[in-house]
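Q: After the C-alpha cells below, expect a handful of questions from me.
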C-alpha cells in the first residue's frame, strides 16, 4: 500500500471513529427519553390499576350498604309480620321477607367475589408499584451514567477532529474542496476502500486507468459514486 493510500485509510478510520463517538454522544438523550417514556407508561398503568382498585372497593361498599339496608328492612318486615291483621297481609309480608333474604344472599356472593377481585388487584397494584420504582431507579442511573460520560465523549470528539485535520494534510489543495463536500454530504462515508479492484461503496469495478493511478499513489475519486478511494490491500 502506498504512503498516500495508507494515509487515506487512516483518515477514513478517523472519520469512522468520529462518527461512532458522535453517535454515542447523540444516543444518550435518546436513551434517556426512551427510559422516561417507559417510566411514564408504568406510571400510567399504576394510575389505571389504582382507579380500578378504587372502583372495586367502592362497589363492595355499595353492595355492603345495600345488604345492610335490606337487613334493616327484613327486621322491620318481621315486626310487621307478627302484627299482620289477615292471612293475605301475612303472605305478602312473608313473600317480601323471602325476596329480600334471597337478594341479600345474592349480594353476599357478589360482595365476596368483589373482595376477591380487590385482593387480586391489590397484588397487581403492588407489583406495578415495584416495577415503577425500579423503572425510576433505572432512569436515574442511566441519566447519571450518560451525564458523567458526556465530557469524555466531547473531549474524544475534539481529539479525533484534531487528528482528522492533521491527517487531511496529505490531500492536495486541488482536491480538498471536493473532499470537504463529500464529507459534508456523507460524513464517514465520504471515503471508500477498493477491494478486488472495486469500490466498496457502490461496487463498481475500477477502470484500468483508475487502478494504475491508484497504485501510483494518485488521488482517485470513484467515477460512479464520487467517493475518495484508497486501496485496502497490500
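Just so it is clear, none of the values below were taken in a lab; they were calculated from the coordinates. Quick caveat, the model's predicted, so the values are computed rather than measured. We place every Cβ from the backbone using ideal geometry, glycine too, and count neighbours over all the protein chains shown.
Q: Where does the chain land at 222 nm, in deg cm²/dmol rounded to the nearest 500, when only DSSP H runs of n ≥ 4 count, each adding -39500 (n - 2.57), divided by all residues?
A: -29000 deg cm²/dmol
Q: Let me ask another. Could you work out how far helix 87-167 tilts from the main Cα principal axis of the chain, as a 0 to 90 degree angle to the nearest 10?
A: 20
Q: For 6, 169, what's the fewest-to-most ordering of other Cβ within 10 Å of each Cβ?
A: Ordered by Cβ neighbours within 10 Å, fewest first: 169, 6.
Q: Relative contact order for the range 27-165: what is it in percent, counting Cα pairs under 8 Å that are at least 6 residues apart?
A: The value is 44 percent.
Q: Can you tell me the orientation of helix 3-82 relative to the chain, as the angle in degrees between its alpha-carbon axis and the longest Cα principal axis, to the nearest 10?
A: So the inclination is approximately 0 degrees.
Q: Quick one: go through the range 99-129 and flag any residue whose amide nitrogen is under 20 Å from the point 7 Å out along the Cα-to-Cβ line of residue 136.
A: Only 122-129 pass the distance filter.
Q: Next question. Can you give me the angle between helix 173-186 and the longest principal axis of the chain, using Cα atoms only, in degrees from 0 to 90, rounded to the nearest 10?
A: In the chain, helix 173-186 runs at an angle near 10 degrees to the longest axis.
Q: How many percent of DSSP beta bridges within the chain run antiparallel, rounded to 5?
A: Roughly 55 percent of the beta bridges in the chain run antiparallel, per DSSP.
Q: Label-point separation (nm) for residue 143 and residue 55, each offset 7 Å from Cα along Cα-to-Cβ?
A: Each label point is offset 7 Å from its Cα along the Cβ direction, giving 3.2 nm.
Q: Right, another one. Quick one: if you stick a label point 7 Å off each Cα along the C-beta vector at residue 87 and residue 175, how many nm between them?
A: 12.1
Q: Would you mind computing, in nm to one decimal, how far apart the modelled labels at residue 34 and residue 202 are, each placed 7 Å from Cα along Cα→Cβ?
A: Here the answer is 3.4 nm between the modelled labels.
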